[in-house]
1. Working only within region 127-141, note down all residues that are farther than 16 Å from Gly155 by Cβ, more than 17 Å from the chain's Cα centre (by Cα), surrounded by fewer than 16 Cβ atoms within 10 Å (Cβ to Cβ) and not charged (D, E, K, R).
2. Is it fair to say Leu180 is assigned to a loop (DSSP other than H, G, I, E, B) and in contact (Cβ under 8 Å) with a residue 12 or more places away in the chain?
3. Mind listing just one residue for me: the one in region 143-155 that is touching a residue at least 40 places away in the same chain (Cβ under 8 Å) and assigned to a loop (DSSP other than H, G, I, E, B) and, of those, nearest to Pro71 (Cα to Cα)?
4. Scan Pro186, Pro158 and give me the residue that is assigned to a loop (DSSP other than H, G, I, E, B), under 30 Å from Leu25 (Cβ atoms) and free of Cβ contacts under 8 Å to residues at least 60 places away in the same chain.
5. In region 17-42, which residues are at pLDDT 90 or above, out of contact with any strand residue (DSSP E or B) (no Cβ under 7 Å at 6 or more places or on another chain) and farther than 17 Å from Pro71 by Cβ?
6. Pick out the one residue from Val87, Val124 that is surrounded by 16 or more Cβ atoms within 10 Å (Cβ to Cβ), within 18 Å of Glu20 (Cβ to Cβ) and in contact with a strand residue (DSSP E or B) (Cβ under 7 Å, 6 or more places away or on another chain).
7. If only one of Ala75, Ala83, Ala50 is more than 22 Å from Val149 (Cβ to Cβ), hydrophobic (A, V, I, L, M, F, W, C) and at pLDDT 85 or above, which one is it?
8. Inside region 93-120, can you point out the residues that are closer than 13 Å to Tyr58 by Cβ and either among the polar types (S, T, N, Q) or in contact with an Asp or Glu (Cβ under 8 Å, 6 or more places away or on another chain) (or both)?
Amino acid sequence: MPSRWEMPPVYLQSGAPETESTSTLHAPGLLGARFTIIEPQRQQPGVETAGAGRSKRYQLIKTDSTMSVAPYAGATAWWTDRARYMVTTSASPSSRNDVARIFLRAWEHAGDYMCVQIGGPRIVKFVDASMAALAAGDGVVPSATDSKVQREAAGTAPTYTLMGRVSAPLTKDPFAATALVDLDIPETT
């Protein structure tokens, strides 16, 4: 278990958090490590822009091999064992406020070690009913449906842990039930 919240040198076998999915860790002490990556902003040569890029915050976790829904890009993760940094896609009434992170990809094998996203922009999967009224600035909370989130109208007190806000300008795909969310998931573990 890491001894501090931020561990800058995090070794990923795939080379990037977006593609990490491995059955063994290079260094088991890295499990649970959190790190931030600032993606460069694309710009025209010689043109200065405000803000070098958007930062994304990640954590290295272990997936629960008994999930009923396999993880996929944009799926919500809930904690099954915080001490072992283990997450699942299975929602339960008692776990709705125990949201962990957002998956970046599908796993290659049950029980893999992967990176999940805590903060920054991410395409997230919503329950279908939330898509019709989705608007920029709406809150995003975990739903009762495995691996999905739901919207909370802007200005409404969230019923569950607030995971972030729908990005402005609104970027959504109603057919895939996905939208771009500025994640800001509480880091309690």
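The values are calculated or read from the model by the stated rules, or taken from the named source; none is laboratory data. The model shown is predicted, which means the values in this text are computed figures rather than measured ones. Positions of Cβ are backbone-derived with ideal geometry, glycine not excepted, and every protein chain shown enters the neighbour counts.
1. Ala129, Ala132
2. Numbers: assigned to a loop (DSSP other than H, G, I, E, B): no; in contact (Cβ under 8 Å) with a residue 12 or more places away in the chain: yes.
Here the answer is no, as Leu180 does not meet what is asked.
3. So in region 143-155, the residues touching a residue at least 40 places away in the same chain (Cβ under 8 Å) come out as 143-149.
Remaining after also requiring assigned to a loop (DSSP other than H, G, I, E, B): 143-148.
Values: Ser143: 16, Ala144: 16, Thr145: 13, Asp146: 10, Ser147: 8, Lys148: 11 Å.
Only one residue tops the list, namely Ser147.
4. Numbers: Pro158 fails: under 30 Å from Leu25 (Cβ atoms).
Exactly one of Pro186, Pro158 is assigned to a loop (DSSP other than H, G, I, E, B), under 30 Å from Leu25 (Cβ atoms) and free of Cβ contacts under 8 Å to residues at least 60 places away in the same chain, namely Pro186.
5. If the condition is that a residue be at pLDDT 90 or above, out of contact with any strand residue (DSSP E or B) (no Cβ under 7 Å at 6 or more places or on another chain) and farther than 17 Å from Pro71 by Cβ, then Thr24 is the only one that fits.
6. Working: Val124 fails: within 18 Å of Glu20 (Cβ to Cβ).
The unique qualifying residue is Val87.
7. On the way: Ala75 fails: more than 22 Å from Val149 (Cβ to Cβ); Ala50 fails: at pLDDT 85 or above.
After ruling out the rest, the residue left standing is Ala83.
8. Looking only at region 93-120, we keep the residues that are closer than 13 Å to Tyr58 by Cβ, and these are 100-105, 113-120.
Listed by number, the residues that qualify are Leu104, Arg105, Tyr113, Met114, Cys115, Gln117, Ile118, Gly119, Gly120.
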